Amino acid sequence: MLPETVDVVVIGAGNAAMCAALAAREHGASVLVLERAPEAERGGNTRFTAGAIRCVYDGVDDLKALMPDLTNEEIANTDFGTYTAEKFHDDMGRVTEYRANPDLVELLVDRSRPTLRWMRAKGVRFAPIWGRQAFKVDGRFKFWGGLTVEAWGGGPGLVEALFAAAAREGIAVAYEARAVSLVAGDDGVTGVRVRQGGRTREVRAKSVVIAAGGFEANSEMRTRYLGPGWDLAKVRGSRFNTGDGIRMALDVGAMPYGNWSGCHAVGWDRNAPEFGDLAVGDGFQKHSYPFSIMLNANGERFVDEGADFRNYTYAKYGRVILNQPNQFAWQIFDRKTRHLLRDEYRIRQVTKVQADTLEDLVRKLDDVDPVRALRTILAYNAAVRTDIPFDPNVKDGRCTEGLLVPKSNWANTIDEPPFEAYAVTCGITFTFGGLKVDGEGRVIDTEGQPIPGLFAAGELVGGLFYFNYPGGTGLMSGAVFGKIAGTGAGRRAAGTG
Ligand SMILES: Cc1cc2nc3c(=O)[nH]c(=O)nc-3n(C[C@H](O)[C@H](O)[C@H](O)COP(=O)(O)OP(=O)(O)OC[C@H]3O[C@@H](n4cnc5c(N)ncnc54)[C@H](O)[C@@H]3O)c2cc1C
């Protein structure tokens with residue numbers, strides 16, 4: 001049964017929403033979380049993640065504060081390096097081509113470390129991402145690409161920990177409760193209309209936090225805002241993020257903000273289902289492409305697979321794959337790099353072919369011109385600077401020379417059987433455009449003023465990501481802005497904000 005009145009309503013039940021709910025509760029507010037999904041599918045895109053989370057740390061002491069279980073032996077065997085605030089700022093600037101809103105970026109970077117500590121105090125546990133973000137070279141792990149921490153148990157573990165904290169703190173969650181519109185007037189937002197069990201009811205509230213994700217699961221909105229062809233992308237995560245939160249805020253005068261034609265999209269198994277599958281999680285992604293070459297239907301390479309660390313290119317390469325003929329590509333590896341492939345290459349639901357000669361391999365690549373594919377591989381092999389040593393932990397500069405489409409790092413010849421190839425298409429993760437918020441998480445209207453009583457957090461906050469995205473920032477921004485929005489909402493409800 002939905003209550004008639006509550007202090008704070010939070011729309012959504014992913015990472016941003018649950019952080020907002022927990023923060024609002026700290027100010028004594030009664031909190032109701034509305035989750036559109038049934039309980040078995042709760043947790044939005046957050047649940048589909050590996051839980052990788054990008055945060056500032058100045059050395060191993062910061063990591064120990066977050067992960068007290070780290071042993072001395074693990075510390076001795078690992079080069080964790082640092083990820084300073086300066087580096088995080090640089091990464092956000094560089095990958096977004098300096099379009100990211102600097103005020104939002106400053107909040108994201110500066111609050112990343114304290115927000116993770118706050119989450120830990122709420123019962124969320126963290127661990128180093130040994131498996132995916134560090135290669136062992138000469139007996140020692142070395143972390144690369146600024147991404148070192150993951151939530152214990154990945155996305156599912158994060159969601160469980162957040163819901164457990166919410167239950168402990170007396171936060172109510174309503175399932176299959178879809179927010180359909182906001183109740184708003186001259187005094188701002190005073191409630192939410194909710195559709196549950198075939199009936200629509202109003203819940204009155206002093207503050208409302210919208211954290212209902214982007215519009216990635218809505219093919220009509222994708223095509224309208226991202227452009228032609230985006231209806232053909234597969235959705236990597238939740239089927240429930242259809243843009244409701246953004247739409248209901250725009251309906252009450254919120255300002256559209258950020259990169260509305262941009263999104264996070266990756267190489268994703270060509271035969272994956274239309275929406276994410278919780279049993280597979282992020283396993284359909286194929287993120288080891290920096291060690292491959294990718295061929296399209298014409299048998300041609302089309303992108304520099306080794307332009308940068310995976311964390312800084314994967315989110316924009318989905319679009320590049322979508323733009324290829326028939327929206328697919330094959331990633332090709334040989335024996336030399338097979339041991340570097342991430343765990344997701346070994347799942348049962350994988351579109352893979354294998355052969356002992358290149359001639360056989362190219363014939364097995366569905367929908368690819370085999371003659372041109374072979375020619376491309378041979379030309380690539382001849383162009384690799386084998387005199388430069390290969391090192392997966394650094395941008396090794398082992399490049400090609402003289403090719404129209406260069407490969408800048410990690411170029412290895414493809415000449416030792418067995419040869420393997422994996423078919424990918426474009427999988428959309430989340431959309432970049434959304435609402436404008438201020439430093440207190442308040443939603444800004446088209447006059448540039450905060451809408452009283454309305455806060456927002458998570459994927460639907462615009463202005464952070466443009467064109468591209470540094471891996472692990474989605475969860476961090478959801479947590480940072482979730483906590484900010486929840487604090488603002490809780491204070492307002494308590495009459496102190
Ligand atoms: C496969 C995959 C892997 C990823 N891996 C990572 C990673 O390792 N690290 C990282 O940082 N990011 C990762 N991301 C991105 C990350 O998932 C998102 O950035 C983050 O989870 C967004 O959190 P959120 O709370 O804003 O949205 P979500 O977690 O998607 O939550 C949105 C919530 O809103 C609910 N909802 C929608 N409409 C309504 C409505 N009308 N009424 C009520 N509820 C509604 C949904 O059901 C859901 O509960 C990944 C994403 C995917 C899909």
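Values for this structure:
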| item | result |
| --- | --- |
| Calculated on alpha-carbon atoms, Rg and Dmax of the chain in Å | 23.0, 72 |
| R195 paired with K64, simple spin-label distance in nm, labels 7 Å along Cα-to-beta-carbon | 5.4 nm |
| Extension gain from R117 to K352, taking 0.36 nm per residue of separation minus the Cα-Cα distance | 80.5 nm |
| FRET E, pair L232, K87, Förster distance 41 Å, beta-carbon r, rounded to 0.05 | 0.70 |
| Extension gain (nm, one decimal) between W152 and T5, 0.36 nm per residue minus Cα-Cα | 49.4 nm |
| Theoretical FRET efficiency, 1/(1+(r/R0)^6), r = Cβ-Cβ of D391 and A164, R0 45 Å, to 0.05 | 0.60 |
| Within the chain, helix-based [θ] at 222 nm, where runs of 4 or more DSSP H residues each add -39,500 (n - 2.57), nearest 500 | -8000 deg cm²/dmol |
| Per-residue Cβ neighbour rank within 10 angstrom, fewest leading, F141, F80, F465 | F141, F80, F465 |
| Pair R338, T71: separation of 7 Å Cα→Cβ label points (nm) | 3.1 nm |
| Segment E176-R125, length gained on full extension (0.36 nm per residue, minus Cα span) | 15.5 nm |
| Estimated inter-spin distance, L374 and E401, nm [label 7 Å along Cα→Cβ] | 2.8 nm |
| Among 483-493, 116-126, 399-409, the order from most to least packed when residues are scored by Cβ within 10 Å on average | 483-493, 116-126, 399-409 |
| Partners for K136 among aspartates and glutamates (Cα-Cα distance below 16 Å; same-chain residues under 8 apart left out) | E73, E74, D79, D343, D391, D396 |
| C-alpha center-to-center spacing [the range 245-315, the range 371-431] in angstrom | 20 Å |
| Neighbour-count order for M476, M1, fewest beta carbons within 10 angstrom listed first | M1, M476 |
| Restraint check, K64/K206; K64/K142; K286/K336; K142/K286; K87/K142; K286/K364, Cα-Cα greater than 28 Å | K64/K206 |
| In range of the label at D103: residues from the range 427-452 whose backbone nitrogen is under 18 Å from the point 7 Å along Cα→Cβ | 434-452 |
| Cβ-Cβ FRET estimate between T223 and F275, R0 fixed at 22 Å, reported to 0.05 | 0.85 |
| Sequence of D445, D367, D396 once ranked by neighbouring C-beta atoms within 10 Å, starting from the fewest | D367, D396, D445 |
| Cβ-based net charge around R25, under 15 Å, with every Lys or Arg adding one and every Asp or Glu removing one | +3 |
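The numbers here are math on the coordinates, done by the rules we state, and not lab data. Just so it is clear, the model here is predicted, and its values are computed rather than measured. All Cβ positions, even for glycine, are placed from backbone atoms using ideal geometry, and neighbour counts span all protein chains on display.
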